[in-house]
1. Tell me, yes or no, whether the range 39-52 has at least one residue that is in a loop (DSSP other than H, G, I, E, B), of a type outside the set (Asp, Glu) and modelled with pLDDT under 85.
2. Could you grab me the full set of residues in the range 19-38 that are modelled with pLDDT under 90, within 14 Å of the chain's Cα centre (by Cα) and open to solvent by 30 Å² or more (accessible area, probe 1.4 Å)?
3. What about ARG3, is it at pLDDT below 90 and either open to solvent by 40 Å² or more (accessible area, probe 1.4 Å) or within 13 Å of the chain's Cα centre (by Cα) (or both)?
4. How many residues are surrounded by 12 or more Cβ atoms within 10 Å (Cβ to Cβ) and either touching a Pro at 6+ places or on another chain (Cβ under 8 Å) or not in a loop (DSSP other than H, G, I, E, B) (or both) if we restrict to the range 54-64?
Amino acid sequence: MKRDTDMTGREIIIFILENQLEDKSVFDSCFESMDETAVRLGVGIATVDTWFRLGQIRGVVIGENTYILKGSVPVIHKEE
């Protein structure tokens, strides 16, 4: 199931090109672990995982690992 915050391959490629990251490691330059995101935002890993699963923070899943787009902050959707 695609969430609003899932990044497509096309979106990742565009991000890389717009930020001149063609010759850099994608993961080092663009993504951080959920642990790193949790520390940066001052929350627990479970909170970051929940935000990702609810589509409130952008990232990708590769294998069994989830990577969050560096600098991402959760977008909390208010119920109307």
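The values are calculated or read from the model by the stated rules, or taken from the named source; none is laboratory data. Keep in mind the model is a prediction, meaning the values are calculated, not measured. We place every Cβ from the backbone using ideal geometry, glycine too, and count neighbours over all the protein chains shown. Surface accessibility is based on the protein's heavy atoms, side chains included, excluding ligands, DNA and RNA. Shrake-Rupley method; radii C 1.70, N 1.55, O 1.52, S 1.80 Å.
1. Start the filter on the range 39-52 by keeping residues that are in a loop (DSSP other than H, G, I, E, B), which leaves 42-44.
Adding the requirement that they be of a type outside the set (Asp, Glu) leaves 42-44.
Cutting the leftovers down to modelled with pLDDT under 85 gives us none.
Checking the range 39-52: not a single residue is in a loop (DSSP other than H, G, I, E, B), of a type outside the set (Asp, Glu) and modelled with pLDDT under 85.
2. Residues of the range 19-38 that are modelled with pLDDT under 90, as a first pass: 19-31.
Subsequent filtering for residues that are within 14 Å of the chain's Cα centre (by Cα) retains 26-31.
Correct list: VAL26, PHE27, ASP28, SER29.
3. Working: at pLDDT below 90: yes; either open to solvent by 40 Å² or more (accessible area, probe 1.4 Å) or within 13 Å of the chain's Cα centre (by Cα) (or both): yes.
Answer is yes for this residue.
4. To start, the set of residues in the range 54-64 that are surrounded by 12 or more Cβ atoms within 10 Å (Cβ to Cβ) comprises 54-60.
Checking which are either touching a Pro at 6+ places or on another chain (Cβ under 8 Å) or not in a loop (DSSP other than H, G, I, E, B) (or both) leaves us with 56-57, 59-60.
The qualifying residues number 4.
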